[in-house]
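The values are calculated or read from the model by the stated rules, or taken from the named source; none is laboratory data. All values derive from a computational prediction rather than experimental measurement. All Cβ positions, glycine included, derive from the backbone under ideal geometry; neighbour counts span all protein chains shown.
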Amino acid sequence: MDEIKTTSGRAVGSWNGERAQDLMAELKRIKGMLASERATDTLDSRAMPHREQLHPDLVDFRAYHLWGCDRHGQCVVGTNANRIESVDKVLSFSLIDHH
C-alpha cells in the first residue's frame, strides 16, 4: 500500500517505495498543503508506506526522524524530511546506541 496518511487516518499522498527523492518531494508537498489548510493533522514518520524496506536494525530507530528508506538504500531523514542519507550512514549512527 502506497498511501501516506495523516495521524487522523486521512490519505493525503502516496509513495511507491522506489526513490527517496520522490518521498522527500511528496512530504514537502503534503506539509505545504496541510499548512495552507491550517490543519491540526500531522504526519507520523513511523506510519509511512513501505516500512518493510527498513533495515531490521532501524525499525525502532529513535535518534532522529526516519521517514523511509527506498529500494536502493537511501533514507529520508530529519524532522522536516529534508535530508537523504544512506542506510549505512543511518545504521552507523544507530550503532552508537542512540536508540
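Details
- Just one of the listed residues (LYS31, LYS5) is of a type in the set (Lys, Arg), on the phi < 0 side of the Ramachandran plot and more than 12 Å from the chain's Cα centre (by Cα), namely LYS31.
- Here THR79 clears all of (1) among the β-branched types (Val, Ile, Thr); (2) within 10 Å of the chain's Cα centre (by Cα); (3) surrounded by 12 or more Cβ atoms within 10 Å (Cβ to Cβ) except the condition numbered (3).
- One residue from ASP44, ASP97 being at pLDDT 90 or above and among the acidic types (Asp, Glu): ASP44
- Residue within segment 47-62 that is more than 20 Å from THR6 (Cα to Cα), in a strand (DSSP E or B) and touching a helix residue (DSSP H, G or I) at 6+ places or on another chain (Cβ under 8 Å) present: no
- Filtered by the rule that a residue be farther than 16 Å from LEU43 by Cβ and either without any contact (Cβ under 8 Å) to a residue 40 or more places away in the chain or in contact with a strand residue (DSSP E or B) (Cβ under 9 Å, 6 or more places away or on another chain) (or both), segment 2-19 gives ASN16, GLY17, ARG19.
- Among the residues making up segment 3-31, those that are out of contact with any Leu (no Cβ under 8 Å at 6 or more places or on another chain), farther than 20 Å from ARG83 by Cα and either hydroxyl-bearing (Ser, Thr, Tyr) or exposed (fewer than 12 other Cβ atoms within 10 Å of the Cβ) (or both) are SER8, GLY9, ALA11.
- Criterion applied to LEU34, LEU66 was being surrounded by 18 or more Cβ atoms within 10 Å (Cβ to Cβ) and either under 19 Å from LYS5 (Cα atoms) or among the β-branched types (Val, Ile, Thr) (or both), and the one residue passing it is LEU66.
- Restricting attention to segment 48-63, the residues that are surrounded by 13 or more Cβ atoms within 10 Å (Cβ to Cβ), at negative phi and not polar (S, T, N, Q) total 9.
- Scanning segment 30-53 for residues being free of Cβ contacts under 8 Å to residues at least 24 places away in the same chain and closer than 16 Å to GLY78 by Cα gives a total of 1.
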